[in-house]
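The values are calculated or read from the model by the stated rules, or taken from the named source; none is laboratory data. Please read all numbers here as calculations on a predicted model, not as lab measurements. For neighbour counting, all protein chains shown are included, and Cβ atoms are generated from backbone atoms with ideal geometry for every residue, glycine included.
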Amino acid sequence: MSRTLSSLSPAYRVVERGGSIVFTALILFSGASAAFGPAGGLVGVVLVGLALLALIAYEVAYFRRFEYDLGADTLDIRSGVISRRNREIPIRRVQNVDISRNVVQRFLGIAAVDFETAGGSETEASLRFVDFEEAKRLQREIGRLKRGVEGSEEGEPEPPADELFALTSRELALVGALSFDVRIPGLLFVLVSGSLPAVSSVVPTGSGTAIVALGLVAVALVVLLVSWVAGATAAVLNYYGFRLTQVEDELQYERGLLRRYDGSIPLDKVQTLTVVDDPLKRYFGFASLRIETAGYAPGSGESGSEAAVPLARRDRVFGLANRIESFGTPDFHRPPKRVRRRYAVRYLLALGALTVLLYGVEAVTAGALPWPPYAPVPLALLAPVAAHFKWRHRGYWLGERHFVTRNGFLRRRVKVVPYYRIQTVIDSRTIFQRRWNVATVTADTAGSLSLVGSDAAAVDVADADADDLRATLATRLRESLAARRGWTDAAAAEAPVPGDDNDDPVDGADDSEADDTNHGAA
Amino acid sequence: MNRLHPRVRVVWAVQAATTAVVVGLVVFAVSRFAIALPVWAPVAAFAVFLVAGVGLALLRYRVWRYEVRDDALYLERGVFTRVRTVVPFVRIQHVDSSRGPVERLVGLASTVVYTAGSRGADVMVPGLTPDGADDLRERLKRLAIRAEGEDAV
């Protein structure tokens with residue numbers, strides 16, 4: 001049975017798009033009427049009217065020509081006004097179903113639904129817009145169909161929802177308070193201090209250093225406050241009413257104050273788990289958790305479809321992560337101590353380059369810099385300290401079934417990758433790394449957030465360890481995949497989930513864990 | 001460990017020469033229409049890029065190795081950053097053999113292996129003979145199917 005979009009959707013889409021048309025037209029034609037007199041303005045109004053009519057006609061046609069149909073095996077979508085497209089998405093391949101509603105949409109009771117599969121660089125299907133109830137039904141139905149439950153959709157009892165995590169209002173306040181982005185004040189500081197000469201020319205010359213210093217402190221405080229308030233507001237808007245529940249083998253989350261997100265993640269599509277913290281969160285014993293699937297297009301990660309626990313006590317985060325992927329307690333191997341010297345040298349070189357650059361700027365602008373060009377030099381004292389911390393927070397661990405890596409001091413990421421999720425193993429050694437006899441071993445997964453170079457990587461491990469690691473990861477991938485797909489005798493005893501596709505290259509196969517297989521041997 | 005066909009150096013050198021010509025033309029255009037540069041600047045830019053590109057091509061050939069192992073394809077490459085990639089057969093999504101225009105001129109071909117990974121997504125083995133590329137493709141395909149299918153349902 002084919003269904004259509006919500007009958008409110010054409011009207012909403014016209015208002016959404018028409019607004020911007022009218023706005024740009026106003027700007028364009030106010031210029032035109034200034035040039036051609038009142039006649040020009042009249043022509044402008046007529047043209048905008050025509051454009052709006054065309055838009056309305058298009059949106060109505062779009063609505064009338066849009067049909068979707070959730071069958072037993074596929075989601076079929078027939079759409080398009082000028083060029084038609086029939087798309088069938090196998091339901092087993094759907095990774096995430098995301099529902100989002102902004103304030104107006106919530107008032108109207110409609111929602112946008114996005115379906116993601118592992119392939120492609122964009123969202124595979126989106127419904128703009130359907131009734132919220134219908135959106136929820138689609139999400140439930142797809143989850144149910146993927147579990148392979150037969151029978152009618154009505155009258156069946158809801159599977160029990162197991163609440164994994166809910167953000168209390170106290171925690172939400174903490175999320176806001178701790179969402180202080182250390183990079184913002186730094187950036188603002190550079191910008192503001194760049195404009196200091198302009199400011200100091202306004203201040204009367206005789207007012208003395210004390211007042212200038214006071215002004216500087218005040219500016220610094222304002223900068224801190226602004227960036228803190230901005231971070232806090234964004235975090236609260238994003239994570240208001242965050243709830244993570246487990247329904248059968250699916251995770252569901254909802255969050256957001258103004259724009260409400262509502263998404264589902266099948267547990268067997270989870271690619272990597274990432275625990276993120278920064279010095280502030282570490283000091284107070286907090287951390288956040290991100291769950292990555294292969295579904296999302298690069299760049300859409302931060303836009304809201306990503307599921308994450310924004311903030312919780314460290315042990316709780318690790319408990320939750322362990323519930324999703326039981327990896328145990330990692331015991332990290334740090335890189336060899338000599339790399340600390342490498343980092344210190346690197347920082348010193350960067351500092352040197354900055355100083356040279358400042359001297360260059362000084363020479364070109366003839367002393368317009370607010371500080372002397374050698375100002376960064378004292379920072380050199382910090383280089384060994386920073387190098388030590390960078391080294392301290394780095395490491396990797398080979399668990400029973402997981403590869404865990406840790407990187408970063410200001411923004412520390414602990415990445416957990418099940419061996420059977422590894423796609424390729426990449427060992428790379430830059431010309432500088434070769435001088436220090438170290439290498440970086442990266443376990444590439446299909447998770448697409450990793451595109452920005454935050455793949456699970458054991459950075460700067462010793463040469464010999466890197467060779468071992470490369471071989472070990474490849475072996476364990478094979479063994480754990482074999483165990484998971486029931487190719488070994490030990491796993492063959494466990495019945496695979498009926499009808500599950502064992503040939504799925506991206507998401508592995510069924511979720512029958514072969515606990516008793518001995519693939520921990522190196 | 002297999003090395004590439006020596007003639008792959010010609011392919012890379014031609015590619016480097018193309019880049020050098022483009023750079024030379026850009027410098028020429030700049031000196032003609034924007035800033036007055038010395039007359040020899042375009043030629044110098046061309047020469048520098050050509051020499052560097054050909055040098056890199058020669059070095060790259062010396063470093064490149066590949067091997068079809070029992071359960072994975074193993075590649076070693078990179079002049080400045082030495083990269084060793086292990087592509088397990090189970091992870092191969094599909095395999096292409098392809099021939100670019102320059103490759104066709106000198107009678108070579110490449111094999112491209114695709115995985116679902118986010119960055120090692122396309123692993124390319126250049127510098128094969130056309131038959132060699134087809135053989136490698138067939139062999140990888142069979143190995144991928146075998147790895148995937150071992151007694152599987």
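Some notes on this structure:
- Some residue of the stretch A:98-105 being farther than 21 Å from residue A:255 by Cβ and part of a strand (DSSP E or B): no
- For the stretch A:311-337, taking the residues that are of a type in the set (A, V, I, L, M, F, W, C) and assigned to a loop (DSSP other than H, G, I, E, B), the one that is surrounded by the most Cβ atoms within 10 Å (Cβ to Cβ) is identified as A:327.
- Within the stretch A:249-280, considering residues that are among the aliphatic types (A, V, I, L, M) and in a strand (DSSP E or B), the one surrounded by the fewest Cβ atoms within 10 Å (Cβ to Cβ): A:276
- Within the stretch B:43-71, residues that are within 30 Å of residue B:144 (Cβ to Cβ) reach partners that are loosely packed, with under 13 Cβ neighbours inside 10 Å with beta carbons closer than 7 Å, at six or more positions or on different chains, in the pairs B:65/B:1; B:67/B:1.
- Failed condition for residue B:95, given (1) buried (at least 19 other Cβ atoms within 10 Å of the Cβ); (2) not in a strand (DSSP E or B): (2)
- Residue B:84 being crowded, with 20+ Cβ neighbours inside 10 Å and part of a helix (DSSP H, G or I): no
- Filtered by the rule that a residue be buried (at least 19 other Cβ atoms within 10 Å of the Cβ) and in a loop (DSSP other than H, G, I, E, B), the stretch B:1-57 gives B:4, B:5.
- So residue B:56, is it of a type outside the set (Gly, Ala, Ser) and assigned by TED's automatic domain parsing to the domain that holds residue B:23: yes
- Meets criteria (under 17 Å from the mean Cα position of the chain (by Cα), exposed (fewer than 15 other Cβ atoms within 10 Å of the Cβ) and more than 30 Å from residue B:23 (Cβ to Cβ)) for residue B:65: yes
- The residues of the stretch B:62-83 that are farther than 25 Å from residue B:13 by Cβ and at the interface with chain A (Cβ under 7 Å from one of its Cβ atoms), listed by number, are B:71, B:72.
- One residue from A:462, A:482 being more than 30 Å from residue A:356 (Cα to Cα), hydrophobic (A, V, I, L, M, F, W, C) and out of contact with any Ser or Thr (no Cβ under 9 Å at 6 or more places or on another chain): A:462
- Yes/no for residue B:59 being farther than 17 Å from residue A:441 by Cβ and within 13 Å of another protein chain (Cβ to nearest Cβ): yes
- Residues in the stretch A:106-135 that are among the charged types (D, E, K, R) and outside any helix (DSSP H, G or I) were compared, and the one that is modelled with the lowest pLDDT is A:122.
Residue-wise test of (1) acidic (Asp, Glu); (2) within 23 Å of residue A:67 (Cβ to Cβ); (3) modelled with pLDDT under 80; (4) not in a helix (DSSP H, G or I).
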| position | (1), (2), (3), (4) |
| --- | --- |
| A:7 | no, yes, no, yes |
| A:41 | no, no, yes, no |
| A:49 | no, no, no, no |
| A:53 | no, no, no, no |
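- Residue among B:76, B:103 that is crowded, with 16+ Cβ neighbours inside 10 Å, within 21 Å of the chain's Cα centre (by Cα) and among the acidic types (Asp, Glu): B:103
- When residue B:70 is tested against (1) part of a loop (DSSP other than H, G, I, E, B); (2) under 16 Å from residue B:148 (Cβ atoms); (3) at pLDDT 90 or above, only condition (3) is not met.
- Hits in the stretch A:390-441 (condition: under 26 Å from residue B:92 (Cβ atoms), modelled with pLDDT of 90 or more and among the polar types (S, T, N, Q)): A:405, A:428, A:440
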